[in-house]
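Worksheet: one structure, shown below.
The values are calculated or read from the model by the stated rules, or taken from the named source; none is laboratory data. Keep in mind it's a predicted model, so treat the numbers as computed, not measured. Cβ placement follows ideal geometry from the backbone for every residue including glycine, while neighbour counts extend to all protein chains displayed. Just the protein is used for accessible areas: all its heavy atoms, side chains included, with ligands, DNA and RNA removed. Shrake-Rupley method; radii C 1.70, N 1.55, O 1.52, S 1.80 Å.
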Amino acid sequence: MHPISDHHFIGGELWRSASSARIEVLNPSSGLVLGEIPDGDTTDLDHAVTTAVAAGPGWADRSPRERSAVLVKLANLLRVHTEDLARLDSMDSGRTLAETRAQVSRSAEQLEYCAAVADKLEGRVVPLNSGFSASTMLEPYGVIGALTPWNAPLLQITQKTSHAIAAGNTDVVKPSPLACFSTLHYGMLAQEAGLPVGVLSIVMGGAKTGQTLVQDERIAKVTFTGSVKTGRQIAGVCGARGASVALELGGKCPLLIFADCDLEAAAVDAARASFGTTGQSCVSAARVLVEAPVYDEFLQLLKSETEKYIGGDPLHEETVMGPMISSAARNHVVNLLEDAISVGAQVAGGEWPIDPQKEGGFFMNPVLLADVPQKARIKHEEIFGPVTCIERFDDEEAGVRSANTGFFGLAAGAYTMNASRVRRLQRNLRAGNVWINCYKMLDPALPFGGDKASGIGRECGIDGILNFVKPKSLVEAIRTN
């Protein structure tokens, strides 16, 4: 593997930035500098987009099976470099080795899924009257601008590029400056797999670099994962210039526990759903709703499971939870906790306040909150940290009503042994993903995305690839002479 680099990846090679400005990337486990990236400027982005525009026609003209072959080779290269990529993402993002290894595997599977679907993007014949022949064909958009988050660097660039590239688009990617080094390795491995020069470029930088990318008139579609505020700004810019947009904007996901389920198993899964990835996942269970008759019993079980999630070095094999990504991220969660406690919320489990002896990195052990008042900010805002709020509900109708409150709608889960209830929950929970007796069950074949303020469009599955093609209607008059 190549060493951590302060370059972009443009035109099939590591590219020295036209800008002298650099952004320090910290190791969240130590707070020390892991490396530097360039803060890309308009010259860097122009070079990347120009290269992508030039490469577009040739790549779109390649047969789907030729494009598939490149993606399969890239998947194989990811597997060959699993340990290097996993360790780099663990150092960069703070996720445990178990998590980052799984994400390398999932990234390879994602590429293989898109490779298999590339030649299935078919048009159709549309019956009109006898005087016309009508059909449709699917065309790529052109140049896609992708802005990826820090909490799953390799997986996110894989998801956002595999769909687009399989469909014949080219990509310019701007990763988060908080965790981004594996994206460069992905670009170089893609080149090694045979991806033509210019089909994929990666431009490093901060917020201004992302804004410049979104504003570029040559970018036909923007795909973004991140905050609601930033996503809405991107949607406004794209709407003003007539560009398409796909947004995944996070969530505040509820997990319902019904009295008829296996409470011990549900407690194990609820803790993992809440505190896995240090709670820094858009589908983390930020609310655990428990049916009243078993509330006290389940609270004790969940409290016991919460104690097992202790922050530690993500490079140690036994670590189950790493640090938060930055001091700012941890301070945000601390502020939400302090606000909630000040208005009456109770700490029902975990560790609070933060142990000052664990300040070497951005560590924070889990906190379980109970009796959270409606006026607490944490009741409504996305937490994105190792905190969950436990609350009770009286019956199924009340539980669903509570789960559907708020303006997020990314995912929801429930544990119950009642088959009829399962069907009702699948229909009535307002979320793009509903998991019953499991949680965070994701797969390249399943569409992923949210309702309400949680986003626009879907990633993964056939829906993810269809997100990066547009139908063209073809009508021909049939002449009789």
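Would you check if residue 383 is surrounded by 22 or more Cβ atoms within 10 Å (Cβ to Cβ), of a type outside the set (S, T, N, Q), without any contact (Cβ under 8 Å) to a residue 60 or more places away in the chain and under 17 Å from residue 275 (Cα atoms)? Taking the combined requirement at face value, the residue does not satisfy it. Within segment 254-268, restricting attention to residues that are open to solvent by less than 10 Å² (accessible area, probe 1.4 Å) and not in a strand (DSSP E or B), the residue that is farthest from residue 433 (Cα to Cα) is 267. Every condition in (1) over 22 Å from residue 248 (Cα atoms); (2) in contact with a Pro (Cβ under 7 Å, 6 or more places away or on another chain) holds for residue 460 except the one numbered (1).
Evaluated against (1) touching a strand residue (DSSP E or B) at 6+ places or on another chain (Cβ under 7 Å); (2) over 23 Å from residue 334 (Cβ atoms); (3) aliphatic (A, V, I, L, M), residue 268 falls short on exactly one condition, (1).
Give the residue, chosen from 184, 178, 247, 189, that is aliphatic (A, V, I, L, M), open to solvent by 30 Å² or more (accessible area, probe 1.4 Å) and either in contact (Cβ under 8 Å) with a residue 24 or more places away in the chain or over 17 Å from residue 44 (Cβ atoms) (or both). Just one listed residue meets the conditions, 178. Within segment 122-133, one or more residues are over 24 Å from the mean Cα position of the chain (by Cα), among the β-branched types (Val, Ile, Thr) and open to solvent by less than 60 Å² (accessible area, probe 1.4 Å). Among the numbered conditions (1) out of contact with any Asp or Glu (no Cβ under 7 Å at 6 or more places or on another chain); (2) buried (at least 17 other Cβ atoms within 10 Å of the Cβ); (3) assigned to a helix (DSSP H, G or I), the only one that residue 40 does not meet is (3).
Filter segment 463-481 down to the residues that are part of a strand (DSSP E or B) and polar (S, T, N, Q) and list them by number. Matches in segment 463-481: 473 only.
Scanning segment 199-238 for residues that are hydroxyl-bearing (Ser, Thr, Tyr), assigned to a helix (DSSP H, G or I) and touching a residue at least 40 places away in the same chain (Cβ under 8 Å) yields 209, 212.
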